[in-house]
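Written below as structure tokens is the structure these notes are about.
What follows is calculated from the coordinates using simple rules that are stated; it is not laboratory data. Everything quoted here is computed from the prediction, not taken from an experiment. Backbone-built Cβ (ideal geometry, glycine too); neighbour counts: all protein chains shown.
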Amino acid sequence: MLPEIENLLKLQDTDKEIRRLQDEVADLPKRVAVIEQKLAGTKAQLEKAQTAVKADEASRRKYETNINDLRTKISKYRDQSLDVKTNEQYKALLHEIQFAEKEISANEDKILELMVNADARDKEVKAAQVELKAETAEIEKEKEEARQRTAEDEKLLTEWRGKREQLRSGVREDLLRHYERVSKFRGSGISEVRDQKCMACQVMLRPQTYNDVRSGKETVVCDSCQRILYFNPKEELVEQKPTLHRHKRHHPKIDASQAWYYRPEFANDGEVFLCLTNNHGQASRRVYDIHTGRLLGDILIREGDFRQAFPEDIDGSTRLNGLWSEDELDGFGAELPMVILDSLNSDLDLARYEATSGSHAKAAVPAAPTEQAAS
Ligand SMILES: [Zn+2]
């Protein structure tokens with residue numbers, strides 16, 4: 001991997017962490033504000049309850065004053081009644097007294113009503129006071145936590161910003177500008193390539209682009225999302241490494257019209273993949289270098305079925321999975337696409353793993369799918 005790509009990956013992690021910290025710092029006052037709003041609501045409720053209590057007390061005092069006034073009036077009427085001359089006047093005073101007594105009774109009823117209500121009002125006030133106390137304590141705690149967290153975050157931010165500056169200085173200016181432009185619009189500026197795909201936008205790469213990314217010699221950007229692409233060979237190795245959980249390898253059909261083989265040694269070319277194909281009564285043989293995928297020598301054509309035509313190539317070879325049409329093979333030209341080469345190599349890994357692994361060696365199928373065992 002290019003050192004610049006490694007720096008960009010670290011830069012991306014750093015940018016993410018800085019964003020997370022900034023978001024957190026921005027969110028802390030919001031959390032405090034939510035509790036403060038709740039607190040203001042409780043305060044208003046308490047004030048309302050207290051105002052109601054005060055209003056009730058004022059009303060009660062008013063009723064009590066009314067009663068006193070009425071009692072004074074009654075005693076005045078009684079005094080006057082001693083001096084009246086006519087029956088008419090006496091009746092009128094009596095009527096006033098009765099009216100005042102009725103009024104007293106009505107005021108007493110209202111006081112009683114207020115006294116009954118006072119209990120409920122008291123409870124309201126006390127509940128609001130308890131709530132307010134709890135919320136005040138909570139908000140103080142939240143504020144203190146927010147203060148501490150903000151201070152910690154700010155300290156971390158300073159550290160991360162320092163790291164970011166250091167990483168930025170390790171990346172070419174034009175590449176850095178590209179990374180930052182794409183990051184700004186897409187949230188990330190660099191993307192891993194796996195299975196010939198840009199993992200960020202999931203678009204397949206052209207074989208040439210894929211090969212360029214894999215070679216790690218120059219920086220390549222995704223045609224579709226513009227992110228800078230990188231390839232992590234370790235990831236691919238982990239993915240391809242056969243494990244005990246892996247599904248059993250699919251075995252190639254013996255009577256297929258095309259067969260791929262691995263040979264550890266071929267002529268003077270070392271390790272090769274052979275592709276034998278039957279086509280209208282003729283058999284063809286293509287030989288590819290297993291590392292570069294380059295076609296070695298000419299395509300050999302012989303009469304008859306490939307088993308009869310190329311027995312010396314099949315003997316002692318490892319049979320692999322692979323089936324592409326004659327047109328596709330022609331389309332590959334002088335070099336197998338990286339994805340085809342990868343698929344053959346990973347099938348070879350599996351075949352070797354089967355041959356050595358204890359669990360598969362005991363299986364009914366031939367342990368090493370060499371042609372002697374399979375045919
Ligand atoms: Zn992309």
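Structural remarks
- Extension gain for the segment residue 48 to residue 356, taken as residue separation times 0.36 nm less the Cα-Cα distance, is 102.6 nm to one decimal.
- Average projection area in nm² (convex hull over Cα atoms of region 49-95, one quarter of hull surface): 3.5
- Over the chain: helical MRE at 222 nm, DSSP H runs n ≥ 4 each giving -39500 (n - 2.57), nearest 500: -22000 deg cm²/dmol
- Here's the list of aspartates and glutamates a cross-link from residue 38 could span, going by alpha-carbon distance under 20 Å and ignoring same-chain residues fewer than 8 apart: 27, 47, 124, 131, 135, 138, 140, 142, 144, 145.
- Taking label points 7 Å from Cα along the Cα-to-Cβ direction, residue 1 and residue 324 give a separation of 2.9 nm.
- Angle in degrees between helix 3-83 and the longest Cα principal axis of the chain, rounded to the nearest 10: 10
- Amide proton proximity set for residue 221, modelled H, under 5 Å, gap of 5+: 229
- Principal semi-axes in Å for region 25-126 [√(5λ), Cα gyration tensor, largest first]: 55, 10, 8
- For the chain, the Cys residues with no second cysteine's beta carbon closer than 4.7 Å are 275.
- Only lysine pairs 8 or more places apart, or on different chains, with alpha-carbon atoms under 27 angstrom apart are counted in region 99-245, and they number 22.
- Distance between the modelled labels on residue 186 and residue 307, one decimal in nanometres: 5.0 nm (7 Å Cα→Cβ projection).
- Label-reachable residues, region 25-61, where backbone N falls under 20 Å from a point 7 Å from residue 117's Cα toward its Cβ: 45-61
- A convex hull fitted around the alpha carbon atoms of region 286-328 yields 112 Å³ per residue.
- On the beta carbon distance between residue 140 and residue 56, with R0 = 45 Å, the FRET formula returns roughly 0.85.
- Two-decimal Rg/Rh across the chain, once Rg and the Kirkwood Rh are taken from alpha-carbon atoms: 1.53
- Relative packing of 126-139, 271-284, which averages over residues the other C-beta atoms within 10 Å, highest first: 271-284, 126-139
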